[in-house]
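> I'd like to ask some things about the structure below.
The values are calculated or read from the model by the stated rules, or taken from the named source; none is laboratory data. All values derive from a computational prediction rather than experimental measurement. Every residue, glycine among them, receives a Cβ derived from its backbone with ideal geometry; neighbour counts consider all protein chains shown. Keep in mind that these areas ignore ligands, DNA and RNA; they rest on the heavy atoms of the full protein, side chains included. Shrake-Rupley method; radii C 1.70, N 1.55, O 1.52, S 1.80 Å.
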Amino acid sequence: MTAKRERIHRIGILTGGGDCPGLNAVIRVVTKAAINKLGLDVIGIEDGFLGLIRNRMRRLQIDDVSNILTAGGTILGTSNKADPTHFAIGEDKDGNPIFEDVTNRVMEHIREREIDALVCIGGDGTMSGAANLIAHGVPCIGVPKTIDNDLMHTDITFGFTTAVQTATECLDRIHSTASSHHRVMLVELMGRNAGWLTMQAGIAAGADVILIPEIPYDIESICKTCVDRSKRGKRFTLIAVSEGARPRGGEQIVNKVVHDSPDPIRLGGVSTVLAEEIAARTHRETRATILGHVQRGGTPVAFDRVLATQFGYKAIQMVAAHEWNRLVVMRHGKTDTVEIASVANKQRLIAPDDPLIAMARAVGTCLGD
Ligand code: F6P
């Protein structure tokens, strides 16, 4: 099993990290095209790298991937806690996880199943897992997914547009109740350290205030917006806030630490803190809603079905061409590829000169600064 191997007979496919709409569309096209066009066997690996660690995999046939295009989630399952280089094998007497590098076990299972190459569908964490296997001689191809849209070198990841749509619908619903009750309503969106989801859904829903991690907020500026709106006869304010937003000179709010996860910090709760601060300072009634995992679920919108299929098809073309160790990306409307190692454990954030920022300001949206 090496990248130089003349002929590939069998590929493995896995979905790693947090799920998102469109994963099944990739599994479908990769499996169908691998079997029908290239005559390959396809092995579906369960729960991302966990399936490689635990040797849990199954052969995928055409029937297994029929009728899954529109389904949310992933038929293979996923895990955002299984990094073979740092895998929790148990706990010490104080209940702290004990970690071990189990890459050798993974390599044994790959050999045992006679998998010649892997298609890894995931975000920066999954690509870092793929980079480790590449270093051990496993040919890999990466396919980028995440609702956060924060993967380097790609203009867009599938799952993002569906999450924007879901979050926008939620913001629209909160908008009407905010208006009826004359309240300041905060809606907290996911996205980790990147504001893409909050920015796009906030703009789409016409949020009055949009708070993203890339622009630390000033509470005075947010309160002034609420009060100024009241003076203009607008007795409610809709605030879209990213889970990673933080005050100027302050810290993000950590909801929990998942010790056995390669990226252990789970953000969340900033909207609740802000709601109390705004109420105390402006004497307006405030409410906070944390959208949470509703943003990751459900059927992919048409755009994501097509994007995921484009990405998966490109991955199969790369398998056919033996173009290993690269990630499919979308740049300026065209699929392209970059080294997997160049995106591992990195995040693409909104740059200060991104047109979205100027556009939001142009319609009078307060960005908290
Ligand atoms: O990366 C996707 C994402 O949904 C982030 O937006 C969020 O911060 C995180 O995953 C939540 O992770 P978990 O599913 O482990 O709570």
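> Given the residues 115, 134, 147, 121, which is the only one that is open to solvent by 10 Å² or more (accessible area, probe 1.4 Å) and among the aliphatic types (A, V, I, L, M)?
Details: 115 fails: open to solvent by 10 Å² or more (accessible area, probe 1.4 Å); 147 fails: open to solvent by 10 Å² or more (accessible area, probe 1.4 Å); 121 fails: open to solvent by 10 Å² or more (accessible area, probe 1.4 Å).
Matching residue, one of 115, 134, 147, 121: 134.
> Moving on to the next point. In the stretch 104-125, how many are at pLDDT 95 or above and under 18 Å from residue 85 (Cβ atoms)?
Keep residues of the stretch 104-125 that are at pLDDT 95 or above, which gives 104-122.
Adding the requirement that they be under 18 Å from residue 85 (Cβ atoms) leaves 104-110, 118, 120, 122.
The total comes to 10.
> Shifting gears a bit: Quick one: residue 191 ticks every box in (1) touching a strand residue (DSSP E or B) at 6+ places or on another chain (Cβ under 8 Å); (2) over 15 Å from residue 296 (Cβ atoms) bar one, so which box is it?
(2)
> Go through the stretch 98-124 and count every residue that is within 16 Å of the ligand (Cβ to nearest atom), touching an Asp or Glu at 6+ places or on another chain (Cβ under 8 Å) and not in a loop (DSSP other than H, G, I, E, B).
Just the residues of the stretch 98-124 that are within 16 Å of the ligand (Cβ to nearest atom), to begin with: 120-124.
Remaining after also requiring touching an Asp or Glu at 6+ places or on another chain (Cβ under 8 Å): 123-124.
If we keep only those that are not in a loop (DSSP other than H, G, I, E, B) as well, we get 124.
Number of matching residues: 1.
> Of the residues in the stretch 206-216, how many are away from the ligand (no atom under 16 Å from the Cβ) and open to solvent by less than 10 Å² (accessible area, probe 1.4 Å)?
The total comes to 3.
> Give the residue that is nearest to the ligand (Cβ to nearest atom), with candidates limited to residues of the stretch 292-319 that are part of a helix (DSSP H, G or I), of a type outside the set (Phe, Trp, Tyr) and open to solvent by 60 Å² or more (accessible area, probe 1.4 Å).
Restricting to residues being part of a helix (DSSP H, G or I), of a type outside the set (Phe, Trp, Tyr) and open to solvent by 60 Å² or more (accessible area, probe 1.4 Å), the top hit is 293.
> For the stretch 48-78, give me each residue that is surrounded by fewer than 22 Cβ atoms within 10 Å (Cβ to Cβ) and within 16 Å of the ligand (Cβ to nearest atom).
The answer is 50, 72, 73, 77.
> Which residues, counting only those in the stretch 148-205, are more than 16 Å from the ligand (Cβ to nearest atom) and touching a Cys at 6+ places or on another chain (Cβ under 7 Å)?
Hit for the stretch 148-205 is 184, nothing else.
> Among the residues of the stretch 228-281, what is the count of those that are of a type outside the set (Ser, Thr, Tyr), within 16 Å of the ligand (Cβ to nearest atom), part of a loop (DSSP other than H, G, I, E, B) and surrounded by 15 or more Cβ atoms within 10 Å (Cβ to Cβ)?
Going through the stretch 228-281 one residue at a time, the tally reaches 11.
> Residue check, residue 339 against (1) surrounded by 14 or more Cβ atoms within 10 Å (Cβ to Cβ); (2) in contact (Cβ under 8 Å) with a residue 40 or more places away in the chain; (3) over 22 Å from residue 22 (Cα atoms), all met but one. Which one?
(2)
> Name every residue in the stretch 130-185 that is assigned to a strand (DSSP E or B) and more than 24 Å from the chain's Cα centre (by Cα), in order of residue number.
184, 185
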